[in-house]
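Asks: Sharing a structure, written as structure tokens. Questions coming.
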Amino acid sequence: MNPEEVRRYEYFLDNQFFTDIDGAEVQRGKVNVSLKVERKVSTFEMTFHLSGMVIVSCDRCLDDMEQAIASDNRLMVKFGKEYAEESDEILVISEDEGRVNLAWFLYEFVALNIPMKHVHAPGKCNKAMSARLRKHSAHRSDESDNAEDEVDDDDNILSDEYEDTATDPRWDALKKLKNEE
């Protein structure tokens, strides 16, 4: 590859890719990867664009759900005496090796793009599990014992669960000031 030359590559990460990687966060998915490699004088600048979806467990009902993935990432690769990761974006590979396996980096880009909280859209959670969760929720009212009748209240099950707990009076005063604005 000549200096200042640009090459483009396309990859498709499927269930087999995630199975082979054997990572804890993602076991299934379909993600398209566009990779642009630019050779600079002494480094290779790799720009990744990922888009697709992965299968994760819903935090609320534990059923599988599709989580959209879209990210842009960058990796700088330079040659040195031995392999080293200087930072999240700078990788040194051995001059003798001259190759880098991008599989784990691609997996990390996908895994780091998954939101901390993943729940189904309102009304899409498993109804039986939602009913059980409401039944055993610490903030249920006596009227909600008939949980099967409340099928679209998925959003209210876990939201603001600490809202009704006793707080320091100083915080209450600050909340009043905030609410007045």
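Asks: Just a yes or no: is a residue in region 76-84 in contact with an Asp or Glu (Cβ under 6 Å, 6 or more places away or on another chain) and of a type in the set (Phe, Trp, Tyr)?
Replies: yes
Asks: So in region 99-118, with the set limited to residues that are at pLDDT 90 or above and of a type in the set (Val, Ile, Thr), which one is surrounded by the most Cβ atoms within 10 Å (Cβ to Cβ)?
Replies: Val110
Conditions (1) touching a Ser or Thr at 6+ places or on another chain (Cβ under 8 Å); (2) more than 16 Å from Ala103 (Cβ to Cβ); (3) modelled with pLDDT of 95 or more; (4) among the aromatic types (Phe, Trp, Tyr), marked per residue:
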position: Glu10; (1), (2), (3), (4): yes, no, yes, no
position: Asp14; (1), (2), (3), (4): no, no, yes, no
position: Asp22; (1), (2), (3), (4): no, no, no, no
position: Leu35; (1), (2), (3), (4): yes, no, yes, no
position: Lys40; (1), (2), (3), (4): no, yes, no, no
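Asks: Going through region 28-80 one residue at a time, which ones are touching a helix residue (DSSP H, G or I) at 6+ places or on another chain (Cβ under 9 Å), of a type in the set (S, T, N, Q) and loosely packed, with under 15 Cβ neighbours inside 10 Å?
Replies: Selection gives Ser71 alone.
Asks: Cβ-Cβ distance below 9 Å, separation of 6 or more or different chains: which pairs start in region 158-180 with a residue that is farther than 30 Å from Ala121 by Cβ and end on one that is modelled with pLDDT under 80 and not in a helix (DSSP H, G or I)?
Replies: Lys175/Thr167
Asks: Please identify the pairs in which a residue from region 111-129 that is within 25 Å of Asp72 (Cβ to Cβ) has its Cβ atom under 7 Å from the Cβ atom of a residue that is loosely packed, with under 12 Cβ neighbours inside 10 Å, counting only partners at least 6 apart or on another chain.
Replies: Nothing qualifies.
Asks: Strands (runs of 3 or more DSSP E) wholly in region 1-96 with at least 1 residues that are touching a residue at least 24 places away in the same chain (Cβ under 8 Å) - which ones?
Replies: Where strands (runs of 3 or more DSSP E) fall fully within region 1-96 and carry at least 1 residues being touching a residue at least 24 places away in the same chain (Cβ under 8 Å), they are 6-13, 28-39, 43-57, 64-80.
Asks: Filter region 160-181 down to the residues that are part of a loop (DSSP other than H, G, I, E, B) and surrounded by 10 or more Cβ atoms within 10 Å (Cβ to Cβ), then identify the one that is modelled with the lowest pLDDT.
Replies: Only one residue fits best here, namely Glu161.
The values are calculated or read from the model by the stated rules, or taken from the named source; none is laboratory data. Quick caveat, the model's predicted, so the values are computed rather than measured. Here the Cβ is made from the backbone with ideal geometry for all residues, glycine too, and neighbour counts use every protein chain on show.
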